[in-house]
Amino acid sequence: MITLAPATTRKRAVNLTLNEGLVAQAKTYTSNLSATMEALLTHYVAEQQQSHALRQQMANACAADWNAVHASVGSFADEHSTL
């Protein structure tokens, strides 16, 4: 889960290439484009982290289920020799 950065967090300038028309439109809605972009990026990162955690939980559940089946039934390959 993402933690919001305190106001004292160090910031640095970055270069972005953005659509000029879109930037002009965005500036009509915000007086601080950097803060708006940072808030949107924070939200995006939080969503991505949550999505990754959910996929990992699903993979762990799948592996646990498969291990349970293997423990109770065994493996199809156990009946066949490679020799």
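None of the figures in this text is laboratory data; all of them are computed from the coordinates on show. Note that the coordinates shown come from a computational prediction; the quantities given were computed from them, not determined experimentally. Virtual Cβ from ideal backbone geometry, glycine too; neighbours counted across all protein chains shown.
Calculate for the chain the 222 nm mean residue ellipticity that helices alone would give, adding -39,500 (n - 2.57) per DSSP H run of length 4 or more and normalising by residue count, nearest 500 deg cm²/dmol.
Values: 2 runs with 49 residues, N = 83.
Result for the chain, helices only: -21000 deg cm²/dmol.
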Find how much the distance from L22 to Q50 grows on full extension, using 0.36 nm per residue of separation minus their present alpha carbon separation; answer in nm with one decimal.
-> 7.2 nm
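Hey, with R₀ at 41 Å, roughly what FRET efficiency would R10 and F76 work out to, going by the Cβ-Cβ distance, to 0.05? Numbers along the way, then the final one.
On the way: r = 56 Å, r/R0 = 1.37.
FRET efficiency, R10 to F76: 0.15.
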